[in-house]
Amino acid sequence: MPLTFVLQLVPGADGSVFLLDAQTDGVLAFGPDGVFRRQIGRRGEGPGELLSPWRLGLLGRDTLWVTDARRSSVHLYDVSTGMSLEDFGSAGWEAAGGGGRLRPFAVLADHRVVATRRTESDATAEVLAFDLAGQRTGPAGVSLSTLDLRDRLLVVPVPAGGGGLQLRNPFSHSDMLAIDPSGRQVAVIRRPEPADPGAFFVVERHSVPEGGTGSIQVPYTPRPLSSRDVRAWAEALGPLGRMVELGVFPSRAAGVEAVLDTLDAPDYYPPIENRGRGIVDESVLVDSGGVVWLQASDPAEGANDWIVVSREGDQVSHVAVPDGIRLLAVHGDRVWGEVRDGFGVPSVHTYRIQPSRR
C-alpha cells in the first residue's frame, strides 16, 4: 500500500495500526504483521463517506471514530469489518454551539466529543465537550479550556492593495492541545513564561476515566535567539519572492525588512515550536497512560530531541530520536515513526525506547 504523507497514526490494542494518509480519502488499516487489511471509509457525502478526514481514534476496542474537517462531522466504524456504524453531522454541532462554527476533532473515552470554536480575531479558541449520545438533540457544550493562539501567525501589512501577508511564526509558541487516540487523556500545553532563571512552560492534564486534573511546570533553560537567526529565517521565506513578482514589494530586501519590522521575536527559542496545523500540533504526543511527549525546538540540543513528562509529573526526561524519523504515535515504550528512503518514499516503522547508560 503506497503512502505519501502520514497525517496521523493510531495503534490498536492487538498491535494493528490505523493511519490517515494525505492522498487517501479513508483510513488505512494494517494488521499486527504490517500487512494491509482494508480501507475504512471512502470519498463522498453519503453515510459513512468522508470529504476531508482529519483526526481519528478508538472508542473502546471495537469502534473507530473519524472526524471530517470539511463537513464538521464525526463518523463511527466497526474496527473488524470497516462497516459504517453511525454519522453525526454538522447540524447538531451548530445548534449546540450557541453561535459560531464548531469543529469537532476528537471523541473521549466517556463518549463525549471535543470541538473548538474560534473567535473572530482568531487569537483564542474555546474547547467544548458534547455528549455524543445526546448530540442530535443539541446539548449545550461544556467548556473545557480556552487556548491562546496569539503569535501563531505573523501578519505583515503589504504596501499595496491593503490586507497583509500571513506567515507562520516559528519563534512563537501558542497553546496546543493533545488527546490520546483512546480518548483517555487530554493535555494542554500552555505558552512559556518570559525567560528568567526559573523559566518553565505548563502542561495541564485531564484524566477522562478518573476525572482528575492537574498541571505540571516543566523547567527548561532558554537558548538565546540572535538577530542573525531571525534575519536568516526572513531571508529564506519563499512567499517573499512571489510578492516581489506581484509588485507588492519593490525588492526582496524590502520584503525582508517589512517582515523584520512586524516580527516581535523573543530573546530565546521557545521550548516547543509550532509545527502542525491549528491547535493540534504534531510536535506534541500523549499516550493512554498520560505520558506527554513534546518535541524540543532548541537547535543546540538537536533537531529531534523530545521532552517526556511522566504521568505523575515527577519525572522529566529526554529521548534522542535519530534524524530522519518523524514521530507519529507513542504507547508505553514503543513509538511509531515515518521514514523516507533515498527517493523520498515514506514507510512506517515501529521502535522501542532504550534507556541511556549515561
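The values are calculated or read from the model by the stated rules, or taken from the named source; none is laboratory data. Keep in mind it's a predicted model, so treat the numbers as computed, not measured. Backbone-built Cβ (ideal geometry, glycine too); neighbour counts: all protein chains shown. When the accessible area is computed, the model is the full protein with side chains, heavy atoms only, and any ligands, DNA or RNA have been set aside. Shrake-Rupley method; radii C 1.70, N 1.55, O 1.52, S 1.80 Å.
Go through VAL203, SER145, GLN166 and say which Cα lies farthest out towards the positive end of the charge dipole of the chain; charges sit on Cβ, +1 for Lys and Arg, -1 for Asp and Glu.
After comparing all options, I get GLN166.
Under a Cβ-only charge scheme (Lys and Arg +1, Asp and Glu -1), can you give me the dipole magnitude of the chain about the Cα centre, in debye to the nearest 20?
The dipole magnitude comes to about 440 debye.
Hey, what do the phi angles of segment 342-352 turn into as Karplus ³J(HN,Hα) couplings, whole Hz, using 6.51/-1.76/1.60 and θ = phi - 60°, x for Gly and Pro?
Here the 3J(HN,Hα) series is x, 9, x, 7, x, 8, 9, 10, 10, 10, 10 Hz.
Largest first and in whole Å, what are the equivalent-ellipsoid semi-axes of the chain based on the Cα gyration tensor, each being the root of 5 times an eigenvalue?
That gives 33, 26, 22 Å for the three semi-axes.
Test of understanding: in a Gaussian network model of the chain with alpha carbons linked when under 10 Å, which of ARG231, ARG103, ARG205 would top the mean-square fluctuation ranking?
In this elastic network of the chain, the residue with the biggest mean-square fluctuation among ARG231, ARG103, ARG205 is ARG231.
Report the relative contact order of the chain, percent, no decimals, based on alpha-carbon pairs under 8 angstrom and at least 6 residues apart.
10 percent.
Sum -39500 (n - 2.57) across every DSSP H segment of at least 4 residues in the chain, then divide by the residue count to get the 222 nm mean residue ellipticity, nearest 500.
Roughly -2500 deg cm²/dmol at 222 nm, from the helical runs in the chain.
ALA106's amide H: which non-local residues (gap 5+, or another chain) put their own amide H closer than 5 Å, with H modeled 1.01 Å from N in plane and none for Pro or chain starts?
Amide H neighbours of ALA106: VAL114.
With a 1.4 Å probe and every protein chain kept in, tell me what percent of the accessible surface of the chain is carbon plus sulfur.
Summing carbon and sulfur atoms, their accessible area is 50 percent of the total for the chain.
Between GLY289, PHE249, HIS318, whose Cα lies farthest towards the positive end of the dipole of the chain when Lys and Arg beta carbons carry +1 and Asp and Glu beta carbons carry -1, centred on the Cα centre?
PHE249
May I ask you to give the solvent-accessible area per residue for segment 229-343, in square angstrom, as obtained with a 1.4 angstrom probe?
Using a 1.4 Å probe on heavy atoms only, each residue of segment 229-343 averages 48 Å².
Among PRO271, PRO219, PRO239, determine the one that fluctuates most according to a GNM of the chain built with springs between C-alpha atoms less than 10 Å apart.
PRO239
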